[in-house]
Amino acid sequence: MKSIVVFCGSSYGYNEIYADTAYQVGSLLAEKNIELIYGGSKLGLMGAVAEGALQNGGRVTGIIPRFLRTKEIAHENLTELVLVETMHERKLKMHERSDGILALPGGWGTMEELFEMMTWAQLGLHSKPIGVLNINGFYEPFMAFLNNMVTEGLLKEDCMKMLMMSSDIFEVLENMWKYEPPAETPKWMSTQKT
């Protein structure tokens, strides 16, 4: 992978472990010569991951809608800052420029981005690896929610194989590098009556 899009919060959260780990993720991407693609803000976990990469010689591309440039306070010291018109265009550009997807903790925006990338994978629109870094147990309720979808017959169990989750960034990245997409997209693997 030459580039990874990182979805994460524009807030820091209450526990310092989130920002510390986000910085470490950025630093590790720089060390491995993987370009960081992200939402372009200098605030919160977004800013921490960007600083981790920048301060360690990494390439960082931020993509931000014009209307959020002042609200989220765009990071002006990036390798490249791309201005777009809409949130959808932002997400599409982040996807187009990346070879893999990594989610750190965040709020509604992070969840929306992650769910859309998972949906696109389910529909066979991309075959990129999707990693989830479970900092401080943040994503355990999320995984319980997804497992409940499987239990209730609303999500194919094979879809869960599209997500690589760990509390260890090295394990997440290793699994992303080794990822092989399913031969057939799980969305259409149904034996139920129509």
Working carefully through the options LYS32, LYS42, LYS93, find the one that is closer than 21 Å to ASP168 by Cα and not hydrophobic (A, V, I, L, M, F, W, C).
LYS32
What tally of residues in the range 135-168 results from selecting those that are over 18 Å from ALA121 (Cα atoms), of a type in the set (Asp, Glu) and either assigned to a helix (DSSP H, G or I) or touching a residue at least 24 places away in the same chain (Cβ under 8 Å) (or both)?
1
Got a sec? Which of GLN122, GLN192 is crowded, with 18+ Cβ neighbours inside 10 Å, modelled with pLDDT under 95 and polar (S, T, N, Q)?
GLN122
Does GLU51 meet the test of being surrounded by fewer than 21 Cβ atoms within 10 Å (Cβ to Cβ) and either assigned to a loop (DSSP other than H, G, I, E, B) or modelled with pLDDT of 95 or more (or both)?
yes
Give me the pairs: first residue in the range 1-17 and at negative phi, second residue modelled with pLDDT under 95 and among the hydroxyl-bearing types (Ser, Thr, Tyr), beta-carbon distance under 6 Å, and six or more apart or on different chains, which are they?
SER10/SER41
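I'd like the residue in the range 6-25 that is in a loop (DSSP other than H, G, I, E, B) and more than 15 Å from the chain's Cα centre (by Cα) and, out of all such residues, is surrounded by the most Cβ atoms within 10 Å (Cβ to Cβ). Before the answer, list the steps.
So the first thing to find is which residues in the range 6-25 are in a loop (DSSP other than H, G, I, E, B), and the list is 8-15.
When the remaining residues are screened for being more than 15 Å from the chain's Cα centre (by Cα), the result is 11-15.
Numbers: SER11: 15, TYR12: 17, GLY13: 19, TYR14: 7, ASN15: 13.
The residue in question is GLY13.
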Given the conditions (1) closer than 16 Å to MET46 by Cα; (2) buried (at least 21 other Cβ atoms within 10 Å of the Cβ); (3) out of contact with any helix residue (DSSP H, G or I) (no Cβ under 8 Å at 6 or more places or on another chain), and given that TRP108 satisfies all but one, which numbered condition is not satisfied?
(2)
Which of the following residues is among the basic types (Lys, Arg), surrounded by fewer than 23 Cβ atoms within 10 Å (Cβ to Cβ), touching a helix residue (DSSP H, G or I) at 6+ places or on another chain (Cβ under 8 Å) and closer than 21 Å to LEU114 by Cα: LYS42, LYS32?
LYS42
Do you know which of the residues in the range 54-68 that are in contact with a strand residue (DSSP E or B) (Cβ under 7 Å, 6 or more places away or on another chain) and modelled with pLDDT under 95 is surrounded by the fewest Cβ atoms within 10 Å (Cβ to Cβ)?
ARG66
LEU28 meets each of (1) in a helix (DSSP H, G or I); (2) of a type in the set (A, V, I, L, M); (3) modelled with pLDDT under 95 with one exception, condition (3)
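The values are calculated or read from the model by the stated rules, or taken from the named source; none is laboratory data. These numbers come from a predicted model, not from an experiment. All Cβ positions, glycine included, derive from the backbone under ideal geometry; neighbour counts span all protein chains shown.
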